[in-house]
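Remarks on the structure that follows.
Coordinate-derived values only; no laboratory data. Since we're looking at a predicted model, the values are computed, not measured. Please note: Cβ atoms are built from the backbone with ideal geometry, for glycine as well, and neighbour counts cover all protein chains shown.
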Amino acid sequence: MALLDGKTILVTGVLTESSIAFHVARLAQEQGASVVLTAFGRAAKITSAIARRLPQAAPVIELDASNQEDFDALSTRVGEHTDQLDGVLHSIGFAPRGAFDFMNASWEDVAPALQISAYSLKALAKGAEPLMKPGGALVGLTLDASIAWPGYDWMGVAKAAFESTNRYCARDLGPKGIRCNLVAAGPIRTTAAKSIPAFDRFAQWGEHSPLGWDISDPSPAAKACVALMSDWFPATTGEIVHVDGGFHAVGD
Ligand code: NAD
């Protein structure tokens, strides 16, 4: 039996084939799941084209994380394709360029980062909840926010808020049998990563990781997301699983 046999998963954040979400969607299908994707704005055309490159073409619905109306309409839009969601992947991150300059960033730079990269986890959980049953799982992606990284700046602050949001989601959805967990991935070369001005400074990650780390391989993070959506983590919630080659565990 495959890990996600009979399950239906909502996957946000597929932009290109390099997106971590694309690999979660691919692996989820390979593990027996049906997949519905979300896309937003001008990227929707690209996402629809990429959706056809999955093992099975997946339907795409609209979701702009800065638009509350989209969250309000989420269960109706998903409901056109399935009457139940067993898993939901949050793979959305955005911060304006000014947010990557900590001391000079304005609130106008910071507010969208917090809304789209952190608050959206709660909004997604609430939007998907009407279709979720006990045993369901919400999974998101973070870059370990317990320290201040060079060049990550207000995106790092947004990730800290995101990690806290995950714990509150776990608190409030746990009584309904819904688990909420994050994967703290090491750096992966994606579109979002390229927009981080200091991303290249992460290139040495593998040298400081006991297991090494391949910046061009999203599959370890994607596998962890699929595992967390499966029935094999039935008593785990509010957790952050590091998938970083072990970087977080060792001193330099
Ligand atoms: P990506 O660029 O492929 O994915 C980011 C996604 O966010 C895109 O699909 C984009 O369309 C979506 N998005 C941006 N603004 C949005 C909005 N207003 N509404 C809806 N969607 C919106 O890059 P990725 O690296 O796969 O990023 C996915 C997640 O993984 C992000 O949360 C990111 O912070 C996290 N992450 C990435 C890395 C890395 O090094 N790439 C490491 C750890 C965590």
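Volume of the convex hull of the range 1-141 (Cα atoms only), normalised per residue: 109 Å³.
Value of Rg to Rh for the range 156-252, rounded to two decimals, is 1.00; Kirkwood radius and Rg both from alpha-carbon coordinates. With everything on Cα atoms, drop me the angle between helix 20-30 and the longest principal axis of the chain, reported from 0 to 90° to the nearest 10. Once rounded, one gets 30 degrees.
Cysteines of the chain lacking any other cysteine Cβ under 4.7 Å from their own Cβ: CYS225. Pairs over the 23 Å Cα-Cα cut-off, from the set LYS45/LYS126; LYS133/LYS159; LYS176/LYS223; LYS45/LYS133; LYS7/LYS194; LYS7/LYS176: LYS45/LYS126; LYS133/LYS159; LYS176/LYS223; LYS45/LYS133; LYS7/LYS194. Near the amide H of THR38, within less than 5 Å, lie the amide hydrogens of VAL11, THR12, GLY13, VAL14, ILE61, all on another chain or at least 5 residues away, with H placed in the peptide plane.
For the chain, the dipole from Cβ point charges (+1 on Lys and Arg, -1 on Asp and Glu) about the Cα centre works out to 320 debye, to the nearest 20.
Considering only PRO59, PRO96, PRO210, the Gaussian network model of the chain with Cα springs below 10 Å gives its largest mean-square fluctuation to PRO210.
Viscosity 0.890 mPa s, temperature 25 °C: give me the Stokes-Einstein translational D for the range 120-180 in µm²/s, with Rh taken as the Kirkwood radius over C-alpha pairs. It diffuses with D of about 199 µm²/s by this estimate. Under the criterion of Cα pairs below 8 Å and six or more residues apart, the relative contact order for the chain equals 20 percent.
For GLY6, the shell of other residues with beta-carbons less than 14 Å away shows a net charge of -2, using +1 for Lys and Arg and -1 for Asp and Glu. Separation of the range 11-84 and the range 192-232, taken as the distance between their Cα centroids, equals 21 angstrom. Close amide H partners of ALA184, meaning residues 5 or more places away or on another chain with modelled amide H under 5 Å apart, are THR142, VAL241, HIS242, VAL243.
Diagonalising the gyration tensor over the Cα atoms of the chain and scaling each eigenvalue by 5 before taking the square root yields semi-axes of 26, 21, 18 Å, largest first. Dipole orientation for the chain: of the candidates HIS242, GLY174, PHE102, GLY174 has the Cα lying most toward the positive pole (charges on Cβ; Lys, Arg +1; Asp, Glu -1). In a simple Cβ point-charge model (Lys, Arg +1; Asp, Glu -1; nothing else charged), the range 136-252 has a dipole of about 380 debye relative to its Cα centre. Sequentially through the range 198-209, phi angles give Karplus couplings (6.51, -1.76, 1.60; θ = phi - 60°) of 9, 4, 4, 5, 7, 4, 7, 3, x, 5, 9, 10 Hz, Gly and Pro residues having no value and appearing as x. What the phi angles of the range 72-83 give under the Karplus curve with 6.51, -1.76 and 1.60, with θ = phi - 60°, is a coupling list of 4, 8, 4, 5, 5, 5, 5, x, 6, 10, 7, 9 Hz, glycine and proline written as x.
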